[in-house]
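All remarks here apply to the structure that follows.
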Amino acid sequence: MMYERLARFLIENLDFENVSTILEAGCGTGQLTIPFVRKVMRIKSTFKVIALDLSTGPYKGHLDVLKTRLRRERLKGLITPVNADVRDMHVIADESVDLIVSNETLCELDRNGLEKAIREFYRVLKSGGQMVHGELIQAFENNAQRLVIEANLHSLETSLPKPEWVSPFSDEVAALLHKTGFRDLTVKYFETNLSFRSFSVAMRKLKQWHVDPKFVKEHLQDIKKYGLEYPMEHLIFCRK
Ligand SMILES: C[S@@+](CC[C@H](N)C(=O)[O-])C[C@H]1O[C@@H](n2cnc3c(N)ncnc32)[C@H](O)[C@@H]1O
């Protein structure tokens, strides 16, 4: 449900008139890719999508899951899964993409990686092309959101090098984008409306996110009392 709404949010805030090649950076198993592409199909008849992911560490095998889903959903002709690193996308030619989309991918990179990725995005995007990056914000509105942010900081996932943030702040990303040459920067906020109030579901999520059992033990009472809730997302839109 959240990805359906996020896909709609993207469609409402992007201009598809001159878009024929879309790159999704860090597509994972296609959680956003598939609802997004289905919605683009309603407004455009000819376009193609490169679904790029490193598919390693905690995300090993995710691109294979995507491939299976694409076969099942008959989207193989439209979406091409590519196993590559956003910090070095040599498989993608200069100025070959009209739109770059990513969701919760920049948070996987450290500062150096983020700079490299932004330079790569600039290289592959056509002049006048659009780009949008979505990330969970690090500010919390209540205790359930505070728990999600803190749990994230105590994740034992083996994404290396480990970034110093849960998500990079939108101001930091905006400054880097601007320095690289992107223009028309706008930040919008998306209400994720995703919460896990039931204790057992919250515990299952913390396990899935590989949160340090020590953190979970120390916060058991709060998890029982508040559950977990995603904070809002910021989406940074810009053009080359
Ligand atoms: C938190 S998941 C988000 C997945 C999906 N975009 C979503 O919104 O649910 C982060 C994704 O970024 C991918 N990723 C992490 N580092 C990457 C890198 N350097 N290059 C390409 N993909 C990367 C991971 O494999 C994973 O699929």
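Here are a few things to note about the model shown:
- Test: residue in segment 135-145 that is charged (D, E, K, R) and either closer than 30 Å to Arg239 by Cα or modelled with pLDDT under 95 (or both): yes
- The set of residues from segment 44-57 being at pLDDT below 95 and either in contact with a Cys (Cβ under 9 Å, 6 or more places away or on another chain) or more than 8 Å from the ligand (Cβ to nearest atom) (or both) comprises Lys44, Ser45, Thr46.
- Qualifying strands (runs of 3 or more DSSP E) (wholly inside segment 1-119; at least 3 residues being surrounded by 18 or more Cβ atoms within 10 Å (Cβ to Cβ) and hydrophobic (A, V, I, L, M, F, W, C)): 21-25, 48-53, 97-103
- Count of segment 68-84 residues which are without any contact (Cβ under 8 Å) to a residue 40 or more places away in the chain and over 25 Å from Leu125 (Cα atoms): 5
- Segment 32-87: number of residues that are touching a Leu at 6+ places or on another chain (Cβ under 6 Å) and polar (S, T, N, Q): 2
- The number of residues in segment 96-127 being free of Cβ contacts under 8 Å to residues at least 40 places away in the same chain and within 16 Å of Cys27 (Cβ to Cβ) comes to 1.
- If you go through segment 206-221 and keep only what is loosely packed, with under 15 Cβ neighbours inside 10 Å and outside any loop (DSSP other than H, G, I, E, B), you end up with Lys207, Gln208, Pro213, Lys214, Lys217, Glu218, Leu220, Gln221.
- Selection of first residues in segment 44-63 that are on the phi > 0 side of the Ramachandran plot and of second residues that are within 10 Å of the ligand (Cβ to nearest atom) and hydroxyl-bearing (Ser, Thr, Tyr), restricted to Cβ pairs under 7 Å at least 6 apart or on distinct chains, gives the following pairs, ordered by first then second residue: Gly57/Ser159; Gly61/Ser55.
Per-residue answers, yes or no, for (1) more than 30 Å from Gly181 (Cβ to Cβ); (2) within 15 Å of the ligand (Cβ to nearest atom):
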| position | (1), (2) |
| --- | --- |
| Val65 | yes, yes |
| Val86 | no, yes |
| Asp98 | no, no |
| Leu106 | no, yes |
| Arg119 | no, yes |
| Gly129 | no, no |
| Glu135 | no, yes |
| Asn143 | yes, no |
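- Sole exception among (1) more than 10 Å from the ligand (Cβ to nearest atom); (2) within 27 Å of Phe182 (Cβ to Cβ); (3) in contact (Cβ under 8 Å) with a residue 12 or more places away in the chain for Cys27, by number: (1)
The values are calculated or read from the model by the stated rules, or taken from the named source; none is laboratory data. Computed from a prediction, not measured in an experiment: that's the story for all the values here. Heads up, the Cβs are rebuilt from the backbone with ideal geometry, glycines too, and the neighbour counts pull from every protein chain shown.
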